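Worksheet for the structure shown next.
The values are calculated or read from the model by the stated rules, or taken from the named source; none is laboratory data. Every value quoted in this text rests on a predicted model; they were computed, and no experiment measured them. So basically every Cβ, Gly included, is an ideal-geometry build from the backbone, and we count neighbours across all protein chains shown.
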Amino acid sequence: MTTPGPGKRPLISANMVTVARLVPMPLISWLVYRGFPAHHSYLWWALILGTLIGCTDFVDGYLARKYGPTVFGGLLDPLADKVFVAFAYLPFADLGLVPVWACAFMFVREFLVTALRSAYEQRALTLKTSYMAKAKTWTQMQGIGMMVLFPLTEGGKGMTYIFAGGIALPLLAAAALFVIKKRLWRGAFWMSAVFVALLLIHLHDPSWTMKAVMGMIVAITWLSGFDYVLAGWKQLRGRGDFNRSDAIRMLSSVALPLAVFAALAETAPPAWALIGVLSLELAVGGLDNLLSHHRRASGALVWGTRALGASALCGLAALLPDHATPLAIAAFAVSAIGVAWEFARGRDYYLDKRIRRIALEAASAAN
């Protein structure tokens with residue numbers, strides 16, 4: 001781990017930018033709810049704010065590379081991306097812009113891969129991140145823009161021009177890269193092919209456009225997880241030490257997103273409670289990866305009480321519409337209390353305190 005010298009410390013750090021990115025994310029959800037179906041000015045603001053939030057990802061990445069990463073930054077950056085996706089996609093599903101089941105399966109993948117990564121970290125197993133995995137987050141982010149633009153263009157010619165731009169721009173970028181650096185960007189051809197398919201679907205029947213967009217996002221999301229689910233699971237089984245803690249994490253990774261979206265589809269609980277549960281559980285998954293690496297992850301009882309408890313309450317909200325509101329709020333409370341405890345317990349690791357303490361002890365011993 002590299003640390004900038006005293007004279008090189010930036011006025012604005014990468015972590016500050018990432019935190020600043022997290023703060024306005026709830027506003028995205030509020031603007032989408034306010035803007036749909038008729039008040040499009042709110043949707044324009046949602047699009048502008050979402051674009052700015054997305055651009056800050058490049059800024060904090062640049063600062064981290066220039067001045068050195070931190071444990072906290074390594075935890076916070078992917079966490080911010082996943083929370084952003086939660087704040088955007090749950091309102092889209094709630095408002096009927098995309099199928100609820102598609103969003104549910106997208107988040108099942110996110111939770112399942114996070115749970116598997118914790119199991120691998122506990123056993124010092126390492127899997128390389130594929131190109132598809134790197135493209136997955138970018139695809140989900142671009143999908144957010146598509147979801148907002150569709151009602152703004154009323155599904156008409158505007159989307160045709162957007163898809164045409166999606167075909168041309170990657171090819172132009174690939175051509176420029178080849179001319180300047182003599183390097184072929186193969187991903188550009190895949191991106192253009194996706195937009196060709198979307199354009200053909202849109203020209204045939206605009207009512208299928210957003211379903212097709214969401215279907216492709218889900219497909220890419222799951223394809224990006226095959227390295228973890230197939231190769232990693234084979235390694236995990238081969239060790240013969242799969243335990244109860246692993247099983248609880250796997251079970252809750254499937255149960256929680258399905259229960260949240262079932263409550264969303266079948267009842268009318270407060271959306272903020274369900275968004276809160278989804279975002280908090282995504283956040284604590286990143287911390288669990290870090291604590292698993294240091295062999296400090298919570299056991300089956302603690303993890304299951306929080307994650308499966310929140311899942312059960314959301315499931316009951318789906319089954320008992322008349323009691324959906326208190327059950328959803330109770331699920332949020334269970335998740336919030338449990339996640340707060342996890343972050344408090346792991347603060348020495350993600351704030352680098354333990355690393356500093358070890359360094360000081362080593363320096364004292366040397367003296």
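Taking into account only those residues within segment 263-286 that are more than 14 Å from residue 338 (Cβ to Cβ) and touching an Asp or Glu at 6+ places or on another chain (Cβ under 7 Å), which is surrounded by the fewest Cβ atoms within 10 Å (Cβ to Cβ)? Going through the qualifying residues, I end up with 271. One residue stands out among those in segment 122-144 that are more than 24 Å from residue 167 (Cβ to Cβ) and surrounded by fewer than 18 Cβ atoms within 10 Å (Cβ to Cβ): the one that is modelled with the highest pLDDT, which is 123. Quick one: which residue in 113, 100 is under 12 Å from the mean Cα position of the chain (by Cα) and not aromatic (Phe, Trp, Tyr)? Checking each option against the conditions leaves just 113.
Applying the condition of being within 17 Å of the chain's Cα centre (by Cα) and not hydrophobic (A, V, I, L, M, F, W, C) to segment 253-269 and asking which residue is nearest to residue 313 (Cα to Cα) yields 257. Residues in segment 62-85 include at least one that is closer than 27 Å to residue 155 by Cβ and either of a type outside the set (Asp, Glu) or not in a loop (DSSP other than H, G, I, E, B) (or both). Of all residues in segment 41-76, none satisfies the criterion of being touching a Pro at 6+ places or on another chain (Cβ under 9 Å), crowded, with 20+ Cβ neighbours inside 10 Å and of a type in the set (D, E, K, R). Of (1) at pLDDT 85 or above; (2) of a type in the set (Lys, Arg); (3) over 30 Å from residue 271 (Cα atoms), residue 34 satisfies all except one. Which? It fails just one condition, (3). Annotation for segment 221-239: no member residue is buried (at least 18 other Cβ atoms within 10 Å of the Cβ), β-branched (Val, Ile, Thr) and in contact with a Gly (Cβ under 9 Å, 6 or more places away or on another chain). The requirement of being surrounded by 15 or more Cβ atoms within 10 Å (Cβ to Cβ) and under 13 Å from residue 95 (Cβ atoms) is not satisfied by residue 38.
The residue list 102, 119, 164, 115 contains one member that is at pLDDT 90 or above, farther than 22 Å from residue 191 by Cβ and either assigned to a helix (DSSP H, G or I) or not charged (D, E, K, R) (or both), which is 115. Residues in segment 310-337 that are touching a Gly at 6+ places or on another chain (Cβ under 8 Å) and of a type outside the set (A, V, I, L, M): 332, 335. Kindly indicate the residue of segment 145-196 that is surrounded by 14 or more Cβ atoms within 10 Å (Cβ to Cβ) and of a type in the set (Gly, Ala, Ser) and also nearest to the chain's Cα centre (by Cα) among those meeting that condition. Taking the candidates together, the pick is 145.
Among the residues of segment 127-161, those that are touching a helix residue (DSSP H, G or I) at 6+ places or on another chain (Cβ under 6 Å) and β-branched (Val, Ile, Thr) comprise 137, 139, 144, 148, 153.
Every residue, every condition in (1) touching a Ser or Thr at 6+ places or on another chain (Cβ under 6 Å); (2) outside any helix (DSSP H, G or I); (3) at pLDDT 90 or above; (4) of a type in the set (A, V, I, L, M), yes or no:
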{"site": "197", "(1), (2), (3), (4)": "no, no, yes, yes"}
{"site": "202", "(1), (2), (3), (4)": "yes, no, yes, no"}
{"site": "227", "(1), (2), (3), (4)": "yes, no, no, no"}
{"site": "235", "(1), (2), (3), (4)": "no, no, no, no"}
{"site": "258", "(1), (2), (3), (4)": "no, no, yes, yes"}
{"site": "268", "(1), (2), (3), (4)": "no, yes, no, yes"}
{"site": "273", "(1), (2), (3), (4)": "no, no, yes, yes"}
{"site": "278", "(1), (2), (3), (4)": "no, no, yes, yes"}
{"site": "282", "(1), (2), (3), (4)": "no, no, yes, yes"}
